[in-house]
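Here is the structure we will look at.
The values are calculated or read from the model by the stated rules, or taken from the named source; none is laboratory data. Here the structure is a predicted model, which means the values were calculated and not measured. Virtual Cβ from ideal backbone geometry, glycine too; neighbours counted across all protein chains shown.
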Amino acid sequence: MRAKPGFGELLAQANVTEVCELRSPRLGFMAYHGGQLEKVTDVIASSAARASGCSYYGVLQTDEDSVVHLPSNTVAPAESPKLAEFVSHVDAVVTIHGYGRKRLWHALLLGGRNRELAEHVARHLRRRLPDYHIIDSPGDLPRELAGMHPLNPVNLPTSQGVQIELPATVRWNRKGRHWSDLGSHGRAPQVQALIDGLTEAAESWTSE
């Protein structure tokens, strides 16, 4: 079995694009499993960042046939000057991921070590996405999806952050049976509602 590349090696591949947009240092959004890996996560993170004036970091794998999933605790600033710059620039971060679990098809999981920020984001998402179950209690999160590892990038900024795991149902355009924002198919209503909720949460967030 071929060994997975390190994070720096992955970034050097031709089908991988790294994006860093530094705006407000108060809060940032990340989606380093973006592109064809965890689909639509980079769209959500970058859109919420632009709309709220927040910073953004993303890694997009563009070839669906050769995607590589690296564990979050191996996504290291030491292997990426852009990630290091981003982590040192923002005070707190919201990281967007995708996942799939039986019995959790309509659940958004809010992990990460900044529990005050998680509760703040959860309030906004519940208002915008009433048809989804927003889980922000650490005891109710699957351990491997809780984003608590100290080397996980969501926990590296000064005030750490929130890891949001999104099921396919919130990223999927059910009407046309395709991923949201794919080509000319347009944006799914629940994706826009999610972006709006994240934008509101970012604009109103204060760590004081």
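Can you tell me which of Arg23, Arg115 is without any contact (Cβ under 8 Å) to a residue 40 or more places away in the chain, within 17 Å of Ile164 (Cβ to Cβ) and of a type outside the set (Val, Ile, Thr)? Matching residue, one of Arg23, Arg115: Arg115.
Exactly one residue out of Val59, Val68, Val87 is within 22 Å of Glu9 (Cα to Cα), part of a strand (DSSP E or B), in contact (Cβ under 8 Å) with a residue 40 or more places away in the chain and aliphatic (A, V, I, L, M), and it is Val59. Here Gly197 meets the list (1) touching a Ser or Thr at 6+ places or on another chain (Cβ under 7 Å); (2) in a helix (DSSP H, G or I); (3) of a type outside the set (S, T, N, Q); (4) more than 22 Å from Val75 (Cβ to Cβ) almost entirely, failing just condition (1). Residues in region 100-121 that are surrounded by fewer than 17 Cβ atoms within 10 Å (Cβ to Cβ) and within 28 Å of Leu11 (Cβ to Cβ): Gly100 only. Screening Arg187, Arg171 for residues that are under 16 Å from the mean Cα position of the chain (by Cα) and basic (Lys, Arg) leaves exactly one candidate, Arg171.
Restricted to region 61-115, and to residues that are basic (Lys, Arg) and over 21 Å from Ala49 (Cα atoms), which residue is modelled with the lowest pLDDT?
Residues of region 61-115 basic (Lys, Arg): 82, 101-103, 113, 115.
Going one step further and asking which of them are over 21 Å from Ala49 (Cα atoms), we end up with 101-103.
Details: Arg101: 89, Lys102: 84, Arg103: 88.
Ranking the qualifying residues of region 61-115, first place goes to Lys102.
Exactly one residue out of Arg126, Arg174 is at pLDDT 95 or above, farther than 29 Å from Glu85 by Cα and either surrounded by 16 or more Cβ atoms within 10 Å (Cβ to Cβ) or not β-branched (Val, Ile, Thr) (or both): that is Arg126. On the stretch given as region 124-150, residues that are in contact (Cβ under 8 Å) with a residue 60 or more places away in the chain, in a helix (DSSP H, G or I) and not hydrophobic (A, V, I, L, M, F, W, C) total 3. Here region 151-178 is the region considered, the condition is being in contact with a helix residue (DSSP H, G or I) (Cβ under 8 Å, 6 or more places away or on another chain) and part of a loop (DSSP other than H, G, I, E, B), and the residue that is farthest from Ser72 (Cα to Cα) is Ser159. Against the list (1) part of a helix (DSSP H, G or I); (2) under 28 Å from Glu64 (Cβ atoms); (3) in contact (Cβ under 8 Å) with a residue 24 or more places away in the chain, the condition Gln192 fails is (3).
Yes/no per residue for (1) aliphatic (A, V, I, L, M); (2) closer than 18 Å to Asp196 by Cα:
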| position | (1), (2) |
| --- | --- |
| Gly35 | no, no |
| Ala51 | yes, yes |
| Ser55 | no, yes |
| Asp63 | no, no |
| Pro77 | no, no |
| Val90 | yes, no |
| Thr95 | no, yes |
| Glu119 | no, yes |
| Arg127 | no, yes |
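Against the condition free of Cβ contacts under 8 Å to residues at least 24 places away in the same chain, under 19 Å from Leu27 (Cβ atoms) and surrounded by fewer than 17 Cβ atoms within 10 Å (Cβ to Cβ), how does Ala78 come out, does it pass? Spelling it out, it is not the case that Ala78 is free of Cβ contacts under 8 Å to residues at least 24 places away in the same chain, under 19 Å from Leu27 (Cβ atoms) and surrounded by fewer than 17 Cβ atoms within 10 Å (Cβ to Cβ).
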